[in-house]
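Notes follow the structure.
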Amino acid sequence: MREQQLRLADDRTARVAGREMRVEAVSKKFGQAVAVDDVTLGISAGEFVSLLGPSGSGKSTLLMIIAGFEQPDSGELFLGGERLTDIPPHRRNFGHVFQKYALFPHMTAAENIAFPLKMRGIEKAKRGPMVANALERMRLSALGERLPHQLSGGQQQRVALARAIVFQPALLLMDEPLGALDKKLREEMQIEIKQIQRELGITVVFVTHDQDEALSLSDRVAVINQGGLSQFATPRELYDRPSSRFVADFVGDNNFFPGQLIATAGRKGQVKLDGGKVLAGQLPEGKSIALGAKVEIAVRPEAVSLNSKPDSRVSGTLIDVQFTGGTTTRIVRHASGAIYLSRALSAGSHAAQGDAVSLQWDETSAFIYPADGRA
Amino acid sequence: MTAASIVSSGRPLRLALGNRRALVALLLLAPALVLYVALYFVPLFDFLSLSVVDGGLSTAHFSTLLDMTYLSVLWRTLWMSALVGAICTALGFPVAYLMSRSSAIGAAAIGACVMVPLWTSVLLRTYAWTVVLQYRGVLNDLLLTLGLIDQPLRFMYSKGAVITVMVHVLLPYVVLPLYTNLASIPRELPTAARGLGATGLRIFIHVTLPLCLPGVIAGFTLVFVLSTGFFVVPSLVGGPASMMVATLIGREISENLNWAQGAAMSVVLLATATVCLAMLSRLRHMDKRQGSAA
C-alpha cells in the first residue's frame, strides 16, 4: 500500500516536472501605459527560456502574469493544455526565485526550504528528508540551521533556489536572480542553475536584462521590447539572424549603415548609402520593405575586416585598437562622425592608429532592416 | 612587548583620539544629563527615600502596605493595564496594517487621524467621555431612542468606563510602533509566500505575524507601562471598585498628607512595573532571530 502511494507520488512528480507552458495573445496595461502587448509564447516541456529586454520593456510584468501575481487584461495562459489564466498563484505550483531572494528572515535556511512543503500539507516526517536532499544538492548541508542574514549572497541565492525546486514545481520562474551577485559568483551560479535544470528536466522561465546571461543559459530567448515580443529564437539564431533592427542592436555589437532601399531580388536587396555608395545585403524573412524606404544595413564587427587601401567601400580613419584578450577590436571613425567596429582574433589587420582604412565584409553577413522600426 | 612595537601598533594615538571623542560626547550630553539628574533623579530619589526614613531607617510604611486594600488595588492596576494593552494592540493592529499597506498619502492621512487626539489634553477627553457615559448621557440617550433598553444604564464609575477611556487615550501608542514595524517588512516576502503556496491567512500566521512580533510587544509594553501610572482617567470616570494605584497614591499624599506612605506605595508600584517590563523585554529578545527582521 505504502509503496504504491510512493510510486503514485513519483508518477505525479514525473508528470508535473517539465510541463509545457503556452502564453496566448497576452496584453496588460497599467493606466495608459502598455506593459505587455499581445505576446504569444510557446515554451516546451523542460525548456530553458529567457525573457530578455531592456529595463522597463515589460519582461518582469510578463513573468508576474505567468506567475499569477498580475492578471492579464486579455489573452490566456495554458499549462500542459490546461487553462491557467484564473488559477491564483498559490495553486499554480510554480517555483519562484525573486530578485532579492525574498528569504523569510525569521526562518533558518532549512525552515525556508521546508515552507512550500508545509504549505502543501506534507507531514513533518516526510519534509525532513526532502529538505535535507535539497540542502545537499545545493551544497548547503552544513548551513541548514543558519538564518538568512548569517549567509553570504551566493548562499542565500542557493537557499532561494532550493526552496523553489524542493516541491517539484511545474515551472520555475526566476526574476533577475543573479543581479545582486558579483561577476565570478554570477558565472558559478549560472552553471549551477543550468545543471539543476538539466538534472530535474524542469521548465524554466528566466528574466534578465543581461544578454550574455540569456545567450549562455537558454535553449531559446524571447527578446521583449516596449511590451512586445521582438523575436523568440535560439541564442545562435538570435545572434546570426536577428529579425529586426532592435534585436540586431540589442543583442551583441553591430555596425549600422543608413541608406535607402533601391532594388530587391528575392532575399537580396541593394541599398544606396547616404554617402552615395551602393551595397548589397539580405532582406529580413517574412517582411517586405517598400522600395525607396529608409533602411539600415547591419554588419557584426567580427564580419568586418579592415583593408589599408581605401577603395569603393565604406572608409574611415582607424582611431583606436583595443586588445581584450581573446580578440582585438579596431575602432574606425567615418567622415560623418559615425563609429564602426571591426573585431578579429588577435592577429587581424596590420593597420596602425591614424591610418585611413576601408571596411570589408561578405554580403551574406549584411542584413537590411527598416530604419527605426520597432518590431 | 617592546616600546617600538607599541608605537608601531598605533594604539596610543588611537586611544588619545578615543578619549577626545568620549570627551566631546560627554560635553554634548552634559546639558541633558544635568537637567535629567537635577530635575528628575534627585527629586525622585528624595521622594522615594521618604518611604524608608521615619526618624531612622524603617520598613514600617511597607508593612502597612501588606493590608488587602493596597494589594488588591495593585493587582487590579496590573490586570487592568494588561487588558488595556491587549485591547489597544488588538484594535491598533488593523489600523497599523492598513497604514502599512496604503500609499504614502493614505498612510499620512491615517497617521494624522491617529495622532490628532494626542494634541487634545487627556483631561478634556476624559470629561468628553463623561458626557457620553453618564446616566443621562449620549450613549444612554442613543440606546433608549433605539429601544434597546427601557431604563438608562450606569456606565460611569465602573471598570468598564475606565478601560474604555484608557483604550481611547492610549491607542496611538500602540499604532505607531506597530506601523513602523509592519512598514519595514519587505513587500516581496508576502508575495514570495503566496508564490510558494500559502493562502492569505497562512501568510499572515507564518510570515507577517512573526516578523511584526517585536512591534506588537513594544506597543503593548508602552501602553501597559503608561497604564500602570494612569491617574486622571481612573479618578474621573472610575469609582471605588475601579480604583488604581496612582489614585490611591494621590489620595494618600493630598488628602491624608502621608507622604511617607505615598512614597512606599510608589516604590512598590515602580518595582512591580520594572519587573513586568523586564519580563516583556526578555520575551522580546528571547528569540534572537527577530533581530534580523527589524
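When we measure straight from the Cα of A:LYS59, which lysines land under 18 angstrom away, once same-chain ones fewer than 8 places off are left out?
List returned: A:LYS28, A:LYS29, A:LYS100.
State, to one decimal in nm, how far the label point of A:ASP320 lies from the label point of B:THR272, with both points 7 Å from Cα in the Cβ direction.
With each label placed 7 Å out from Cα toward Cβ, I get 7.9 nm.
About the Cα centre, and with charges only on the beta carbon of Lys, Arg (+1) and Asp, Glu (-1), how big is the dipole of chain A? Nearest 20 debye, please. Numbers along the way, then the final one.
On the way: 45 positive and 42 negative charges, 108 e Å.
Dipole about the Cα centre, nearest 20: 520 debye.
Which whole-Hz couplings ³J(HN,Hα) result when phi for each residue of the stretch A:166-181 is put into the Karplus expression 6.51 cos²θ - 1.76 cosθ + 1.60, θ = phi - 60°, listed in order with x for Gly and Pro?
4, 9, 6, x, 6, 8, 10, 10, 10, 10, 6, x, 9, x, 8, 9
At a Förster radius of 51 Å, what calculated FRET efficiency corresponds to the Cβ-Cβ distance of B:LEU280 and A:ARG198, to the nearest 0.05? Walk me through the intermediate numbers first.
Values: r = 53 Å, r/R0 = 1.04.
Approximately 0.45, to the nearest 0.05.
Treating only the Cα positions of the protein assembly as shown as identical point scatterers, give the base-10 log of I(q)/I(0) from the Debye formula at each q in 0.07, 0.09 Å⁻¹.
Debye intensities relative to I(0), on a log10 scale: -0.75, -0.98.
Using Cα positions and a limit of under 25 Å, work out the lysines in reach of A:LYS268, with same-chain residues fewer than 8 apart set aside.
A:LYS277, A:LYS287, A:LYS294
Just need the relative contact order of chain A here, percent rounded to a whole number, with Cα pairs under 8 Å and 6+ apart. Please list the in-between numbers first.
Details: 775 pairs, mean separation 58.8, N = 375.
Once normalised by length, the contact order is 16 percent.
Which residue, A:GLY286, A:ASN93, A:ILE193, has the largest displacement toward the positive end of the dipole of chain A when charges sit on each Cβ (Lys, Arg +1; Asp, Glu -1)?
Highest projection toward the positive end goes to A:ASN93.
Per residue, how big is the convex hull around the C-alpha atoms of the stretch B:60-293? Give it to me in cubic angstrom, could you?
Working: hull volume 38.4 nm³, N = 234.
Cα-based convex hull of the stretch B:60-293, divided per residue, equals 164 Å³.
From the phi of every residue in the stretch B:199-208, what ³J(HN,Hα) in whole Hz does the Karplus formula 6.51 cos²θ - 1.76 cosθ + 1.60 yield, where θ is phi - 60° and glycine or proline is x?
With the stated coefficients, the stretch B:199-208 comes to 8, x, 5, 6, 4, 4, 5, 8, 10, 5 Hz.
Sort B:CYS276, B:CYS113, B:CYS212 so that the residue with the fewest other Cβ atoms within 10 Å of its own Cβ comes first and the one with the most comes last.
Numbers: B:CYS276 17, B:CYS113 13, B:CYS212 28.
Lowest count first: B:CYS113, B:CYS276, B:CYS212.
Any idea what Rg and Dmax come out to for the stretch B:166-294 if you just take the C-alpha atoms, in Å?
Rg, Dmax (Cα atoms, Å): 20.1, 67.
For chain A, what does -39500 (n - 2.57) per DSSP helix run (n ≥ 4), summed and divided by total residues, give at 222 nm, in deg cm²/dmol to the nearest 500? Before the final figure, lay out the partial values.
Details: 9 runs with 99 residues, N = 375.
It lands at -8000 deg cm²/dmol.
Hey, with R₀ at 60 Å, roughly what FRET efficiency would B:ARG202 and A:ASP240 work out to, going by the Cβ-Cβ distance, to 0.05? Mind dumping the intermediate values first?
Details: r = 49 Å, r/R0 = 0.82.
Calculated transfer efficiency: 0.75.
For chain B, what does -39500 (n - 2.57) per DSSP helix run (n ≥ 4), summed and divided by total residues, give at 222 nm, in deg cm²/dmol to the nearest 500? Kindly include the intermediate steps, with their values, before the conclusion.
Details: 15 runs with 212 residues, N = 294.
It comes out at -23500 deg cm²/dmol, rounded to the nearest 500.
Give the residue from B:GLY106, B:HIS168, B:VAL73 lying farthest towards the positive end of the charge dipole for chain B; charges sit on Cβ (+1 for Lys and Arg, -1 for Asp and Glu) and the dipole is referred to the Cα centre.
B:GLY106
In whole Hz and in residue order, list the ³J(HN,Hα) couplings for the stretch A:110-116 that follow from phi through the Karplus curve 6.51 cos²θ - 1.76 cosθ + 1.60, θ = phi - 60°; x for Gly and Pro.
With the stated coefficients, the stretch A:110-116 comes to 5, 5, 4, 5, 6, 3, x Hz.
Where does each of B:TYR36, B:TYR97 land when they are ranked from fewest to most other beta-carbon atoms within 10 angstrom? Before the final figure, lay out the partial values.
Details: B:TYR36 12, B:TYR97 17.
Placing the least packed residue first, the sequence is B:TYR36, B:TYR97.
Could you tell me the calculated FRET efficiency between A:ALA263 and A:ASP219, based on Cβ-Cβ distance and R0 = 56 angstrom, to the nearest 0.05? Each step should come with its number before you reach the end.
Working: r = 38 Å, r/R0 = 0.69.
So, using R0 = 56 Å, E works out to roughly 0.90.
Express the C-alpha Rg of the stretch B:65-173 as a ratio against the empirical globular expectation 2.2 N^0.38 Å, rounded to two decimals.
Taking the Cα Rg and dividing by 2.2 N^0.38 Å, one obtains 1.34.
Using Cβ counts within 10 Å as a stand-in for footprinting exposure, how do A:TYR239, B:TYR40, A:TYR340 rank, fewest first? Walk me through the intermediate numbers first.
Values: A:TYR239 17, B:TYR40 10, A:TYR340 21.
The most exposed by this proxy come first: B:TYR40, A:TYR239, A:TYR340.
Among A:SER50, A:VAL23, A:GLN156, flag the residue with its Cα farthest along the positive direction of the charge dipole of the protein assembly as shown, charges on Cβ as +1 for Lys/Arg and -1 for Asp/Glu.
A:GLN156
No value in this document is a laboratory result; all are computed from the given coordinates. All of these numbers come straight from a predicted model, not from anything done at the bench. FYI the Cβ positions are ideal-geometry reconstructions off the backbone, even for glycines, and counts take in every protein chain you see.
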